[in-house]
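The values are calculated or read from the model by the stated rules, or taken from the named source; none is laboratory data. Quick caveat, the model's predicted, so the values are computed rather than measured. Cβ placement follows ideal geometry from the backbone for every residue including glycine, while neighbour counts extend to all protein chains displayed. All accessible areas refer to the heavy atoms of the entire protein, side chains included, with ligands and DNA or RNA removed. Shrake-Rupley method; radii C 1.70, N 1.55, O 1.52, S 1.80 Å.
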Amino acid sequence: MGRILVSGLVNIETTAPVRQFPIPYYPIDYPFFGVNTAASGVGLNLALALRTLGDEVTLCSLAGSDFPAEYLRRELQTAGIGTDGLLSCLRQTPNSVVLYDAEGKRQIYCDLKDIQEASYPFSEALVADVDLVAACNINFNRPLLHLAKAAGKPIATDVHVLSDLHDGYNREFMACADLLFLSDKAIGGEYESFLTALGQLYGNEIIVLGRGSRGAALYLRQTGQVYSLPAVQVGPVVNTAGAGDALFSGFLHYYAKGMPPLEALALAQLFAAAKIRVSGAAKGFVTEEALEALRR
């Protein structure tokens, strides 16, 4: 069992199925039992996934003093994740809407409210007893990067969609990350050279590239090589929202247990494949025992 500090966005998420993309105009639709609202956000998704896999998780985030924040706290308590790290200092709690079709494609509208202007009171004591720090790429985490670095704690971050090696917003996160995750959505076909250049520029120990239905790739600084793994499917794809978070958290879980990176990535892919059988970014996570049964 790993001791992992997760710091990132928590929000309320509403998911709704659409007939197709692009969406043709019609004044009203009736997707019975299709529209659902739940607790979500990258920070919450990671915390729930890691908790389900058996890790000891500390979650840090920001919310408002409103009904959505009360709902988030109840959900965290139900999941066995402490609420002491969820501070109510925003004007409103962030909210998102996810539209998805029958093929698993999705379109996300994420309203961050005033979280990008807020700060979090991180302390040395917060990182002292953890094995790994998962710092999502949100502004209030920038001081945490340097606090964790000074404490000698491995730092993992996901910069999601990236097309520029020198991306101004994500540069600090990439420079501090020992474990760096990103998606291939804005990279194109030459991902091997992109990952190699990224690793050489920032000195990351491991870079993982999520490639959706095409699998995943991994750059290892130790060998200087890029390894590719094919996609895994364990059932029908219902909604791919949260697939990247599942891949990220699955890898962190097995990496924290000391598993070799390629083996950890293979199991993380299986974890993500199991998750996308369920709609909702914070739903569908399976236990380590259930994952082992799927692997067999």
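Things to note:
- Cut-off of 10 Å, at most 14 other beta carbons, DSSP loop: longest stretch of the chain lacking such chymotrypsin sites (Phe, Trp or Tyr not before Pro): 34-168
- The portion of the accessible surface of the chain made up by carbon and sulfur, rounded to a whole percent, is 52 (1.4 Å probe; DNA, RNA and ligands excluded).
- Tail beyond 11 Å, pair distance distribution of region 101-147 (Cα, percent): 76
- Each Lys and Arg adds +1 at its Cβ and each Asp and Glu adds -1 at its Cβ; summed about the Cα centre, the chain shows a dipole of about 400 debye.
- Per-selection Rg to Rh, region 68-196 - Cα, Kirkwood hydrodynamic radius: 0.99
- Per residue convex hull volume, Cα atoms of region 1-62, in Å³: 118
- Here Lys149 is the anchor, and the aspartates and glutamates within straight C-alpha reach of less than 18 Å, apart from those fewer than 8 places off in the same chain, are Glu124, Asp129, Asp131, Asp158, Glu172, Asp178, Glu205.
- Once you reduce region 94-169 and region 5-67 to the center of their Cα atoms, the two points are 15 Å from each other.
- Normalised by 2.2 N^0.38 Å, where N is the number of residues, the alpha-carbon radius of gyration of region 135-249 equals 1.06.
- For region 55-99, the Rg and Dmax computed from alpha carbons only, in angstrom: 11.1, 32
- Qualifying GluC sites (Glu not before Pro) in region 53-140, DSSP loop, other Cβ atoms within 10 Å at most 16: Glu103
- The chain: antiparallel DSSP beta bridges as a percent of all, rounded to 5: 40
- Computed over protein heavy atoms with a 1.4 angstrom probe, the accessible surface ordering of Ile23, Ile155, Ile276, largest first, is Ile23, Ile276, Ile155.
- Here the chain is treated as an ellipsoid with the same Cα gyration tensor; its semi-axes, largest first and in whole Å, are 27, 24, 19.
- Label-to-label distance, Gln200 versus Gln222, with points set 7 angstrom from Cα along the beta-carbon direction: 2.2 nm.
- Interatomic Cα distance distribution for region 8-100, bins of 10 angstrom, percent: 15, 42, 25, 15, 2
- Anchor Lys105: aspartates and glutamates whose Cα lies under 18 Å away (excluding residues fewer than 8 positions away in-chain): Glu13, Asp184, Asp245
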